[in-house]
Structure formats: C-alpha cells, structure tokens
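See structure below.
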Amino acid sequence: MAKKKKEESEENRPEFGADALRAILEGAEGAEFEETLPQNIPPYDSLPEIDRRLSKIERNDFGNGQRLVARYGHDLISVPKAGWYGWTGQRWSLQIGAAMAHKYSQRISRDLRGEVIAAMAAGPKDDEPPKDFMARIKAHYKFSFDSGNTTRISAIMREAEPHLQKEIDAFDTHHFLLNLKNGTLNLKAEFNDDEDFDGIVLEEHQRKNLITKVARVSYDRDAQAPVFNKFIREVMPDDEVRLFLQRFFGYCLTGDTGKQVIVMLWGEGSNGKSTLMDLFTWMLGDYATVTPFASLLHTDQRRGSEASPDLARLPGARLVSAAEPESGARFAESMLKQLTGSEIMTVRHLHKDFFEFKPQFKLCLSFNNKPYIRGQDEGIWRRILLVPFTQRFVDEDQLGKFPGALPKIENLDKKLKAEAPGILNWLLDGYRMWAESGLKIPDKVRAATTEYRHESNPVHQFLDAWCEMKAGATIPAARLYDAYKLWCKDAALDPLNQNKFGRRMSEMNIERYTYQYVYYRGVQLSSEAESRLIEEENKQYRRRDGGDS
C-alpha cells in the first residue's frame, strides 16, 4: 500500500527542467514550492561536473571571474601592456583575443543557469528550511541575469585577468617549432623508430606551445614543386649562390639568430628577386613581416620616447623584409646592428606602453639601388651579404629587344602559390643543409659584398675618382683632405671630419709620415683634381679679397 502511494506521489510530481526552472523561479508557479521542494529534478550526479562545482562558489564579481577561468580559461591569456590573446585552434591570437574574452564573459550569465539547476538538484543544506532554500535558489537565478549586464561583463574580465596572465616573452620561445595550417613542425624532433625519420615531425597544434604565428602552408612530405624548381634555376643559375639562398631561407624557418647576417638581394628590375621575396613572405604568413625601408634609414632616427609601431610588429617574426629605398638613401647602421643582434629591444605600439622582446628574425632586403653605408667597421660589414641578381625576365614579344633575357612565366604567382607544400619541402631541405654545415657563403657573394663596401667608403670613392696611387708620390695630409672636402661638395655628400678621414686612410693601409708636416706616401691628386682644387682655391681668395666670385 505504501509502495502504491509512493508511485502515485511520483506520478503527481511536476516536471522540472530548464524551462520549468524559469517558470518556477520567476514566480509563475513558485508559491506552491515555498514550503515543499520541487520534484523530478535531474539527478545531481547526472549534471555536468563544472556546473556542480561552480554552483558552490561566491555569487559576486570575483566569483564570476573564477567562473570565466574555470570554463574558458584554457582559451584565453591576458598579457600586460598588450591585451587578451585567444586560442584559434591553431595559434594564440591578439587580434581576436579581446573579442573572445568579451564573448565568453557574456556566456557566464547563461552558464549560471546550469549552476542554478545543480544547486537545486543538490537540495537544501543541513537543516535549511525549504523556504530559505528556495530563496537562495531564486537569488542564484536572479544573479545569473544580473551577470549579463555590461558592468558585470566588464567586471568578469577584470577579475579573471590576474589568473590568466602571462608576460609577452612567454610566447614564441620554441625556435625550432614551425606552426603550419595542418599542424606544428618540430624541426628538432627526438629520434623515433620510423624508418623514414629525418629529424622533422608534424605534431598537433597545442596550446602549451604558446605560439602566436601560423604559416599559410600545409606540410606534405611528398609534395613537389616543378614550376618553382624551374623558376629558381632561371632566377639564380649559379649553383653555389642558389644553394646559399636555399640554406638561408631554410634557416629563416627557425627562430635562431646566431648567424647575425643581413642578406641583401640586389639587381636591376625584372630579375625575379621581388617574386621570390613575395612568395616566401606569403608562405610564411604570420612568421614574415614587411617593414618600411624608411625604418632602416638614417633619416628615420627617432627619439626613445616615440612610438615604434613598425618595430612593435616584429616579435615572433622569423623573416623581416624591406624593399626598394629611394635612390641615394643611407642606412642607419645602428638600427641594422640592433635588428640583427641578440640584445633585447624596447618598442611600443601607438597609444600603448613600451614592452621588450628578443629578436628571432632574419633580415632580408631587396633593392635596385644600393643604399649608402657610411660606417666601415667590421661591426656592420661582417653582417652584410650582397647577392647579385643578374637575370632579366621580359614578355615574349620583348625578347628581341633584350639579348640574354628570359621569357616571363604566365600567371607565375598563382602557379607558385599552388606549389606551396612542395616549396616548403625545398625550404626544409635548405634548413637541413644549414643545420648540418651552416650557410656556406659563396665566393661570388663575398666578392659582391667587398665591392659594395668599397663603393660605400667615401674615401675609397674619392681616391678612385680624384687620386693616383703612385710609388714615391707624396702629398700633404691637409691638402689631400681639402681635395676630399671639395670632392664631397661636388658629389653632394657630407664629408667625414679630418680625424675620421685619417682613420679611413689608415684602414686602407695608406702610409702617413711626419716631416715638419703630416704627409701621405704613395698617393697624389690627378691633374684634373689638382686643377679643380686650384680653381676652388682661387675662388676662395677672390671672395676673401672682395673680388668677384
């Protein structure tokens, strides 16, 4: 009989679920439950563990911050002076981080209603009267709606922030992991039993790697690139130089900067160097950054307090490129040294605070006109590697006008991008060669760089243009310096001061001696230069004496 009454009682219990919860707690049917508890609620143990656990924490802004951490913290990171980073499934992204943090904070209001069901399913606390229990449940339910208010949403993000915080230098620290569309390449994987193991393994994207970059290419071990192979051989027919480029750009897949080199691609237009750089920049995606050439020039020197948005884009990059400065441009040597060094850089975005990062990128520049490098010290020139591009590509109907030119490949950019997985394999071969034996700088690159150094030395240019090297010749140092200043004036160059001029002469092993006055041995002015100097001296005399200029 008792069993029958119990069954009848269960049949008469009201259905209780999420929809009934709203009706009950909004008061539509709540009165009848103020003295007796609702029945037929889901079993407590069948509810999500996170709802059960979070139903017991505080109902305030701090508690909501903990809810955000517990429910969505695995997809969010807060970085001081930078902002929120969000997990995309492939990488951590600053671009979408703030929107993700805000969206997840909005969800807390909805998620709280699951906690209300869990709290109700748990039943009253010890000795808690039904009326007090229902009041607590109703307060929990009301709090869930209040948490959807703008001020509450902002407070959720603010309270969660300290518990999801990492410094900017925690990101992109694995220099031999390369993040791709279909996984992360481990370029220094530990040995395994795969008979085809070559030290490179494709792994799943993982949050713990803290990678913020992803390339635009997928890894396919068997992919080929016939169009690219033809193109690269035509662009750079010299085998040694082509292998050097393969090693260098393979090296650019890593975050290693131990080589401290700047590769400069030089040559007149339509030679393939821009197509090559555009291709690698596109393939590397987030790992490649194009910076304004002006950032590298002497005219762009900035004060330490100024924003540096061009440089603030560089953390985590592995290839930084710039192209085509104006004719007559001059490099800022200190900036080139800084960008290719291992020292920490301090930069900031517009309207943001300063932050620090350690470079892991390689610098590759391309130009038709060589920028001037005033410094002649080893500190700058040991970094520079000039690669001449001597081929020329023209449309087929123009081949007759340019002897030795090669025909352009129709729709080349599109064809090369379609071969990106195969080109990645070419780059990986270059990486393996670099890892095994370094860059192996070709003699042609060294010779071109030496010639560039001579061209950039104003004293060397002056001696070539105005002087004759002759055994037994001598010239007063003051007169040679006067001639140098005049040559600079005619060439629209700023002259070195006399001390620096003297050091450059010494660096070029031109002997200096003293006999009452200081002289240089083995050098004399050409007759044309002597005439030009005398002409200028006469003008100076006439000006001084008040005559016609």
Residues satisfying the stated conditions in the stretch 320-350, i.e. surrounded by fewer than 18 Cβ atoms within 10 Å (Cβ to Cβ), among the β-branched types (Val, Ile, Thr) and in a loop (DSSP other than H, G, I, E, B): ILE344
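Against the condition at pLDDT 95 or above, more than 24 Å from ASN368 (Cα to Cα) and either outside the structural domain of MET277 (by TED's automatic domain parsing) or buried (at least 19 other Cβ atoms within 10 Å of the Cβ) (or both), how does LEU427 come out, does it pass? Give the derivation first.
Details: at pLDDT 95 or above: yes; more than 24 Å from ASN368 (Cα to Cα): yes; either outside the structural domain of MET277 (by TED's automatic domain parsing) or buried (at least 19 other Cβ atoms within 10 Å of the Cβ) (or both): yes.
Considered against the rule, which asks whether it is at pLDDT 95 or above, more than 24 Å from ASN368 (Cα to Cα) and either outside the structural domain of MET277 (by TED's automatic domain parsing) or buried (at least 19 other Cβ atoms within 10 Å of the Cβ) (or both), LEU427 comes out as yes.
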Members of the stretch 509-546 found to be surrounded by 11 or more Cβ atoms within 10 Å (Cβ to Cβ) and basic (Lys, Arg), listed by number: ARG512, ARG521, ARG532, LYS539, ARG542, ARG543
Verdict on PHE462 being of a type in the set (Phe, Trp, Tyr) and without any contact (Cβ under 8 Å) to a residue 40 or more places away in the chain: yes
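Does the stretch 188-211 hold any residues that are closer than 23 Å to THR257 by Cβ and either among the β-branched types (Val, Ile, Thr) or at pLDDT 95 or above (or both), and which are they? Lay out the reasoning, then the answer.
In the first step, residues of the stretch 188-211 are kept if they are closer than 23 Å to THR257 by Cβ; the result is 188-189, 199-200, 209-211.
Hits for the stretch 188-211 are ILE200, ASN209, LEU210, ILE211.
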Odd one out for ASP353, checked against (1) assigned to a loop (DSSP other than H, G, I, E, B); (2) buried (at least 17 other Cβ atoms within 10 Å of the Cβ): (2)
Tally of residues being surrounded by 16 or more Cβ atoms within 10 Å (Cβ to Cβ), touching a Pro at 6+ places or on another chain (Cβ under 9 Å) and part of a loop (DSSP other than H, G, I, E, B) across the stretch 125-174: 2
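Do you know which residues across the stretch 467-491 are among the hydrophobic types (A, V, I, L, M, F, W, C) and outside any helix (DSSP H, G or I)? Lay out the reasoning, then the answer.
Narrowing the stretch 467-491 to residues among the hydrophobic types (A, V, I, L, M, F, W, C): 467, 469, 471, 473, 475, 477-478, 480, 483, 486-488, 491.
Listed by number, the residues that qualify are CYS467, MET469, ALA471, ALA473, ILE475, ALA491.
Would you check if LYS370 is at pLDDT 90 or above and in contact with a Phe, Trp or Tyr (Cβ under 7 Å, 6 or more places away or on another chain)?
So LYS370 passes the test.
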Unmet requirement for GLN398, which otherwise passes all of (1) under 30 Å from THR340 (Cα atoms); (2) out of contact with any helix residue (DSSP H, G or I) (no Cβ under 7 Å at 6 or more places or on another chain); (3) among the polar types (S, T, N, Q): (1)
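Only one of these is of a type in the set (Asp, Glu), in a loop (DSSP other than H, G, I, E, B) and either under 41 Å from the mean Cα position of the chain (by Cα) or under 25 Å from GLU333 (Cβ atoms) (or both): ASP494, ASP464. Name it. Quick ask: steps written out before the conclusion?
Working: ASP464 fails: in a loop (DSSP other than H, G, I, E, B).
Answer to the check: ASP494.
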Out of VAL235, VAL214, sole residue that is at pLDDT 95 or above and either touching a helix residue (DSSP H, G or I) at 6+ places or on another chain (Cβ under 6 Å) or assigned by TED's automatic domain parsing to the domain that holds ARG91 (or both): VAL214
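The values are calculated or read from the model by the stated rules, or taken from the named source; none is laboratory data. Model, not experiment: these values are computed from the prediction. Cβ: placed from backbone, ideal geometry, glycine included. Neighbour counts: every protein chain shown.
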